[in-house]
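Here is the structure we will look at, set down as structure tokens.
Nothing in this text is a laboratory measurement; each read-out follows from the coordinates by a stated rule. What you see is a predicted model; the values in this text were computed from it and never measured. For neighbour counting, all protein chains shown are included, and Cβ atoms are generated from backbone atoms with ideal geometry for every residue, glycine included.
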Amino acid sequence: MGEWTIFSPGDKAPNDGTYIEEGVNSYHMGIEHPKKVRLRKGERFPETTNHERKWKRLGKR
């Protein structure tokens, strides 16, 4: 089974990395000035700018 790729506020980060806000219903248009956070494995995702956004890992490292 694969790893989740979209996370909600309060979920735990599966790996160390930088995560960025993503618009769930506007994936083709993107969003202006998305919030970015650097999390370590096990840290919880913070609240997003609005309720329609989720967190996604930025790149693979």
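Quick notes on this structure:
- Cα→Cβ-extended label distance, 7 Å offset, between Ser8 and Glu32, nm: 2.9 nm
- Distance between the modelled labels on Thr18 and Arg44, one decimal in nanometres: 2.5 nm (7 Å Cα→Cβ projection).
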